1. Working only within the stretch 609-634, note down all residues that are under 41 Å from the mean Cα position of the chain (by Cα) and either surrounded by fewer than 16 Cβ atoms within 10 Å (Cβ to Cβ) or over 29 Å from residue 517 (Cβ atoms) (or both).
2. Does residue 548 fit the bill of being in contact with a strand residue (DSSP E or B) (Cβ under 7 Å, 6 or more places away or on another chain) and under 20 Å from residue 498 (Cα atoms)?
3. Can you work out which of the residues in the stretch 522-541 that are surrounded by fewer than 19 Cβ atoms within 10 Å (Cβ to Cβ) and at pLDDT below 90 is farthest from residue 616 (Cα to Cα)?
4. Yes or no: the stretch 405-412 includes at least one residue that is in contact with a strand residue (DSSP E or B) (Cβ under 8 Å, 6 or more places away or on another chain), more than 30 Å from residue 317 (Cα to Cα) and not in a helix (DSSP H, G or I).
5. Going residue by residue through the stretch 475-485, is there one that turns out to be in contact with a helix residue (DSSP H, G or I) (Cβ under 9 Å, 6 or more places away or on another chain) and closer than 25 Å to residue 590 by Cβ?
6. Just to be sure before I move on: is residue 689 touching a residue at least 40 places away in the same chain (Cβ under 8 Å) and assigned by TED's automatic domain parsing to the domain that holds residue 663 in the structure I sent?
7. So which residues in the stretch 473-491 are surrounded by 12 or more Cβ atoms within 10 Å (Cβ to Cβ), modelled with pLDDT under 85 and not in a loop (DSSP other than H, G, I, E, B)?
8. Suppose we filter 693, 731 for residues that are in a loop (DSSP other than H, G, I, E, B) and crowded, with 18+ Cβ neighbours inside 10 Å; which single one remains?
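The values are calculated or read from the model by the stated rules, or taken from the named source; none is laboratory data. Because the structure is predicted, anything quoted here is derived from the model rather than measured. Note that we place each Cβ from the backbone using ideal geometry, even for glycine, and neighbour counts take in every protein chain shown.
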């Protein structure tokens, strides 16, 4: 059955209960009220059967609901048939007691399943609410009922027990609502039913005591509304999940709990102040109730104080501990270093900090997944702890970076022994769920010196600086901090800061190096190269600022500018007749650009704005660019090639995967690295290697360009080897766009070129 119709039936029943309750108070005669009361009791059984058929409530809860319904209906049928003084009144009163007991047991079962993560505080607040309610029940209802009742002793005792059980029901209800489990419609409907049951009990007891002139129809209306709310709760589909904790609410009902418990404490005090005990029994019950309530409040306060202390300790630990490895975090490590430095001058020691970075950790995350990366970090932390002396403190301060404090070193040599031990410990693979993984580490060492690394921050920063020096040296090694490293770091920071505004300030510019056809001597293309001259006139080498731009991400906007600028220069030269109309432009592409999702649209826009055909653009990529995230690189290059753009491998032969790249990626040109060209004229090995590369390129139909041609002998050798194109200082240095006309004109009169060309056997 679809849950929507039965859910609507639930709310119809709730509305019917409200309507009939209101009619009992304002319109129905006494004869009709009895019929409505009986109808309300009987429909509970029907709704319970519907619920059992379609909602399938908890198997343990179902019998309690069945007993509750049968006892309730039986009491309603029997109660009008007997007189209050009749001994048979024991039966319906016993059934009412059974209803209350069953209700209390059922609620206790529910809250046991839904109690949440802090049961003691929830149960404590529920107990306080129940004890306060019990005090009110005793003073206002139970004691007057016992005093004035003309029923038999048995009936009076059962009625008293029923009212007393109401306190347990209140406790269960408060606990149910105080917990952090989600409140479903069934929970709210049951809470409403219980509330109106208790209201009815209060009104009925007040009427029976004769102290308050209350018409019995008010209690009857409460009972009728209670019965229909019970039916609505049973019928609603969420009744099947009422014994399940479910999702925890983000905000606990702290305000409701505070108001309820405050009222439970305040009401007894007010009652004690305004009323005197009737007799010794009343005095005894009041005293015992207040005593138990005091104990409950005291226990709750003690628990709250203890829980708060535990929470504070946990917050301190979590604030100072790495959640993944359990090691001290940066904050706690700084505290440890500070403590070590505070005593260094007194005991003659020079504490050392070792900054450790896991080499190529990103590759592990990319290839094996982040879960494997986490496992590696845990294994590394364990390996470090096992390899070091007990006096050393290991911490994880971020990502794949660890810090070791050795407070007992007396100099750098002691720290180096620790570093060597660490490097040696990683000679064995890490055993993970995913298999064995080898990792290496780069280590920076900084030792306390009073006038250099005088603070904890300084010591960590200096060790970090040394670690980057170790990475620059090839990884899997150790570097010791010295003051000269600070100058390099300061310079790098200055470059990084200035680079952000270099484009805005027009400090970046492009120069171009011609590419010639070796057979014809004609300029067939250009390579765009970036230069940076800062406002103060200082020149920053591309080898220095390009890696920084790549690391910081500024290479993306810079690369987009360079692409459009280079193509605009080419368009200008074509329009001015400086070069042929089919001349090409080669632009270098960094890994960050190639993996940028907007790179393809950027290329498209640059070609459209410059009016350059796609096949006149060569994008030069290194082997390393394609190895990093190869799937994404392949997708990007494939889309560009489909558009007509051509791709060249720059510095070919210096990587490790050249041949496999030629098969996998859409490559149309190989640029032979200048390291092979330098020895071309007199080194037979270099000549043989270049011949092999050219032959392989020719067999694959690839265009071949030799880089770094600096002598006529090298150019003649390339002619002999039938390399199609060349570039280098012999032909031209990189020149400004405004100088390109003069440069090309000079190439036509290049004296050495005529001789070289004359020796070309194919000319």
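1. Residues of the stretch 609-634 that are under 41 Å from the mean Cα position of the chain (by Cα), as a first pass: 618-634.
Hits for the stretch 609-634 are 624, 627, 628, 629, 630, 631, 632, 633, 634.
2. On the way: in contact with a strand residue (DSSP E or B) (Cβ under 7 Å, 6 or more places away or on another chain): no; under 20 Å from residue 498 (Cα atoms): yes.
It is false that residue 548 is in contact with a strand residue (DSSP E or B) (Cβ under 7 Å, 6 or more places away or on another chain) and under 20 Å from residue 498 (Cα atoms).
3. 536
4. Within the stretch 405-412, one or more residues are in contact with a strand residue (DSSP E or B) (Cβ under 8 Å, 6 or more places away or on another chain), more than 30 Å from residue 317 (Cα to Cα) and not in a helix (DSSP H, G or I).
5. Within the stretch 475-485, none of the residues are in contact with a helix residue (DSSP H, G or I) (Cβ under 9 Å, 6 or more places away or on another chain) and closer than 25 Å to residue 590 by Cβ.
6. Working: touching a residue at least 40 places away in the same chain (Cβ under 8 Å): no; assigned by TED's automatic domain parsing to the domain that holds residue 663: yes.
So residue 689 fails the test.
7. Of all residues in the stretch 473-491, those surrounded by 12 or more Cβ atoms within 10 Å (Cβ to Cβ) come to 473, 475-482, 485-486, 488-489, 491.
Add one more test, that the residue is modelled with pLDDT under 85, and what stays is 473, 482, 485-486, 488-489, 491.
Passing the criteria: 485, 486, 488, 489, 491.
8. Working: 693 fails: in a loop (DSSP other than H, G, I, E, B).
Just a single option satisfies the conditions, and that option is 731.
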